[in-house]
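Worksheet: the structure to be examined is printed underneath.
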Amino acid sequence: MNPKQFLDNLTKIHPGEAEFHQAVGEVIESIEEVYNQNPQFESVNLLDRIVEPDRIIMFRVPWQDDEGKVHVNRGYRIEFNSALGPYKGGLRFHPEVSLGTFKFLGFEQIFKNALTGLPMGGGKGGSDFDPKGKTDNEVMRFCQSFMTELHKHIGPETDVPAGDIGVGGREIGFLFGQYGRLANRFEGVLTGKGLSWGGSWIRKEATGYGLVYITQNFLQEHGSDMSGKRIAMSGAGNVAIYAAEKVMQLGGTVLSMSDSNGCIIDEDGIDLDLVKEIKEVNRGRIKEYLEKHPKAKYSENRDDVWKVKCDIALPNATQNELNLESAKMLVANGCQVVAEGANMPVTPDAVHYLLKNKVGMIPGKAANAGGVAVSGLEMSQNAMKLQWTPKEVDERLHQIMFNIHESCLKYGKRPDGYVDYVKGANVAGFLKVAEAMIDQGLV
Ligand code: NDP
């Protein structure tokens, strides 16, 4: 396999899907060596098969706003790979998504889910609907229309969606309600559900907590811990808020957060209760932070979060948000580790720069796998019709993140001792899926 040739061909077959090409490019660059050393992969044309989704479902989502005006959005579900279990992956509602976005996210999800060690295949979906500025009733009507089509394709043993950007507890509730009405079954068809109707403890916190647990594993490997560390982060959504919460519980200080309009920098440490009130309760803008903390700084340049002097950087917002210039700033400021809370937030040139400068670079597949891991645990609890305690779930999450870290060490350690987590995560995830695909024949 020649990565360049392979990517050129992929781009020709699937034009206009830049994010998907980028995600595939990162994986094949990492697995080139192991792929070429094992001719059984090429003999069944595994690479061409693994980049082709099992199926893509695309549909019209008509809905009415509060004034009675009719709108139409596009709905997507990519059922990418089911070699390890039912398709599993979130739904994203954001105006800037396209087919290529969902293919990149679905492709990444295959390997992330493999890394958790739980029986889950990879999928992803969502819509170009923008929940921002919509009333609860409008969001409900949209979710009901979206599920009216999606319910034909999903099920607890087939495909189990969850939340992602723009899809939180409110949306999962509306989607689950409509599924129950159409299917006439109460079953674990979505994860991220409310605690009183099939949800798991720690699911809401899982991605952020897991991100901090694996960062802690990295620090322990370097004889250190979170206590006293300075953390720069982006985002102010589900992942960012609970990553910040865990950092603070472990004695670190979070100095920056952002939303799509701008960022705040608070050298006294971010007031997380206030951020929760602004973002979770009031669905407001991060700029409002200044009303209670006038000494904090606000900037419309979201990249300013990376200009803070920090030990750890956690990009938790969206894809390609941390570029080469920001990576240079982090290295110059002595940052030791960048762990991706979001999916593919660090651009490829920035990843290469961080690796070259021997900064720990933990890719999203490994670093943010805690969310889907607890989703997998939610599926197990639903199947057994019971609910584990918060302590039980948190212990399992801890163990899963530790195992993922070990896999990265196993496949990513270089002779000089430096660990290439990007390679480690990609090789570990790929081998697991590839072996399952070979065992299951030409499907
Ligand atoms: P949310 O919708 O809860 O939050 C996203 C946050 O990022 C919002 O605060 C949003 O701002 C902000 N944001 C969006 N674009 C930008 C930008 N360009 N610059 C700065 N901030 C921005 O989503 P999640 O927290 O759930 O997801 C964040 C990332 O984590 C995504 O990449 C997602 O795929 C990934 N992820 C999420 C998991 C989960 O369990 N939720 C699991 C694994 C990965 P605003 O409020 O203005 O919209």
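Every number in this text was worked out from the coordinates using simple rules, so none of it is lab data. Please read all numbers here as calculations on a predicted model, not as lab measurements. Ideal geometry is used to build each Cβ from the backbone, glycine not excepted, and the neighbour counts take in all protein chains shown.
Residue-wise HN-Hα couplings along the stretch 83-89, as the Karplus relation 6.51 cos²θ - 1.76 cosθ + 1.60 with θ = phi - 60° gives them from phi, are 5, 9, x, x, 4, 8, x Hz; Gly and Pro carry x. Of ARG92, ARG74, ARG55, the residue with the greatest mean-square motion in the GNM of the chain, using alpha carbon springs below 10 Å, is ARG55. Working note: Karplus 6.51/-1.76/1.60 with θ = phi - 60° gives the stretch 60-72 the couplings 7, 10, x, 7, 10, 7, 5, 8, x, 6, 8, 10, 10 Hz, where Gly and Pro are set to x.
Go ahead and run the numbers for FRET between LYS292 and LEU195, Cβ-Cβ distance against an R0 of 30 Å, rounding to 0.05. Efficiency, from the Cβ-Cβ distance: 0.50. In this calculation the C-beta distance from ARG49 to PHE402 is compared with R0 = 35 Å, giving a FRET efficiency of 0.65.
Any idea what diffusion coefficient the stretch 3-187 gets from Stokes-Einstein, in µm²/s, Kirkwood Rh on alpha carbon pairs, 37 °C, 0.692 mPa s? The estimated diffusion coefficient comes to 188 µm²/s. Near the amide H of GLY194, within less than 5 Å, lie the amide hydrogens of GLY199, all on another chain or at least 5 residues away, with H placed in the peptide plane. Highest average first, the peptides 367-378, 57-68, 422-433 ordered by how many other beta carbon atoms sit within 10 Å of their residues are 367-378, 422-433, 57-68. Restricting the stretch 248-315 to trypsin sites (Lys or Arg not before Pro) that sit in a DSSP loop and have at most 15 other Cβ atoms within 10 Å of their own Cβ leaves ARG283, ARG285, LYS295, LYS309.
The charge dipole of the chain, taken about its Cα centre with unit charges on the Cβ of Lys, Arg, Asp and Glu (plus for the first two, minus for the last two), comes to roughly 400 debye. Ranked for footprinting exposure by Cβ neighbours inside 10 Å, fewest first, THR253, THR135, THR158, THR215 give THR135, THR158, THR253, THR215. Hey, how much of the P(r) for the chain falls beyond 36 Å, as a percent of Cα pairs? Percentage above 36 Å: 23. Mean-square fluctuations from a GNM of the chain, with a 10 angstrom spring cutoff on Cα atoms, peak among PRO161, PRO15, PRO53 at PRO15.
In loop segments of the stretch 247-331 as defined by DSSP, the GluC sites (Glu not before Pro) with at most 16 further C-beta atoms inside 10 Å of their C-beta are GLU267, GLU300.
The 3J(HN,Hα) values that the Karplus relation (6.51, -1.76, 1.60; θ = phi - 60°) gives for the stretch 247-262 are, in residue order, 3, 5, 4, 9, x, x, 10, 8, 9, 8, 8, 8, 10, 6, 9, x Hz. Gly and Pro appear as x.
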